[in-house]
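Peer 1: My questions all concern the structure below.
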C-alpha cells in the first residue's frame, strides 16, 4: 500500500462556467464525466460546443468508468505555491474508452518510487468548495 499523500493547505480552483460545470462537479456522486457526441460516439475533452469529428451539436456529459492507465508523469520538486509542498506527481492518464482520451491530473496515495508508466489507476475526488478535483491513485 502506498503512502497517503497529505492534502495541501489549498488548491487553485478552476473557474466554473456553464460549459465546464458538469466536469468539475461530477465527483459529487463519485463519477467522472466527459462530453460525448451523441451522433458518432466520440469522447470530447476538453469539452466544446460541437464534436470535432462529425461537427454535431449533440454533445452531452457521459460517465466514464474512472479506470485509466498512467500514460506519463513527472515528479515536481519545485515549491511553486505556499501550502502545496513538493514532491508530488503530475500525471497524464489515458482512458480505455477511446484512444487519445487523456487527462492531466495528480497521482496520489502512491510512494514516488512505486510510480510506473503503464500502471493501472482509478479516479478519486478531492472536494474544495463546490469543485471535486479528479485525482488518480493506484488501482
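The values are calculated or read from the model by the stated rules, or taken from the named source; none is laboratory data. All of these numbers come straight from a predicted model, not from anything done at the bench. Every residue, glycine among them, receives a Cβ derived from its backbone with ideal geometry; neighbour counts consider all protein chains shown.
Peer 1: Write out, first by first residue and then by second, each pair whose Cβ atoms fall under 7 Å of each other, whose residues are 6+ apart or on separate chains, and whose first residue, in the stretch 35-50, is free of Cβ contacts under 8 Å to residues at least 60 places away in the same chain and on the phi < 0 side of the Ramachandran plot while the second is surrounded by fewer than 13 Cβ atoms within 10 Å (Cβ to Cβ) and not in a loop (DSSP other than H, G, I, E, B).
Peer 2: Pairs that qualify, where the first residue is free of Cβ contacts under 8 Å to residues at least 60 places away in the same chain and on the phi < 0 side of the Ramachandran plot and the partner is surrounded by fewer than 13 Cβ atoms within 10 Å (Cβ to Cβ) and not in a loop (DSSP other than H, G, I, E, B), are 35/60; 36/60; 38/60.
Peer 1: Continuing with this model, one more query. Would you check if residue 88 is at pLDDT below 95 and touching a strand residue (DSSP E or B) at 6+ places or on another chain (Cβ under 8 Å)?
Peer 2: yes
Peer 1: Also: Scan the stretch 69-110 for residues that are farther than 16 Å from residue 133 by Cα, in contact (Cβ under 8 Å) with a residue 60 or more places away in the chain and assigned to a strand (DSSP E or B) and jot them down.
Peer 2: 70, 81
Peer 1: While we're looking at this one, here's another question. Within the stretch 15-33, is even one residue assigned to a strand (DSSP E or B), out of contact with any helix residue (DSSP H, G or I) (no Cβ under 7 Å at 6 or more places or on another chain) and either in contact (Cβ under 8 Å) with a residue 60 or more places away in the chain or over 19 Å from residue 129 (Cβ atoms) (or both)?
Peer 2: Looking through the stretch 15-33, none of the residues is assigned to a strand (DSSP E or B), out of contact with any helix residue (DSSP H, G or I) (no Cβ under 7 Å at 6 or more places or on another chain) and either in contact (Cβ under 8 Å) with a residue 60 or more places away in the chain or over 19 Å from residue 129 (Cβ atoms) (or both).
Peer 1: Within the stretch 47-57, is there a residue that is touching a helix residue (DSSP H, G or I) at 6+ places or on another chain (Cβ under 6 Å) and surrounded by 14 or more Cβ atoms within 10 Å (Cβ to Cβ)?
Peer 2: no
Peer 1: Please state which one of 80, 128 is modelled with pLDDT under 95, out of contact with any strand residue (DSSP E or B) (no Cβ under 6 Å at 6 or more places or on another chain) and under 20 Å from residue 26 (Cα atoms).
Peer 2: 128
Peer 1: Identify, by number, the condition in (1) under 24 Å from residue 12 (Cα atoms); (2) touching a strand residue (DSSP E or B) at 6+ places or on another chain (Cβ under 9 Å); (3) loosely packed, with under 13 Cβ neighbours inside 10 Å that residue 114 doesn't meet.
Peer 2: So the condition that residue 114 fails would be (1).
Peer 1: Select from the stretch 58-88 the residues that are closer than 18 Å to residue 108 by Cβ and in contact with a helix residue (DSSP H, G or I) (Cβ under 7 Å, 6 or more places away or on another chain) and write down the one among them that is surrounded by the most Cβ atoms within 10 Å (Cβ to Cβ).
Peer 2: 75
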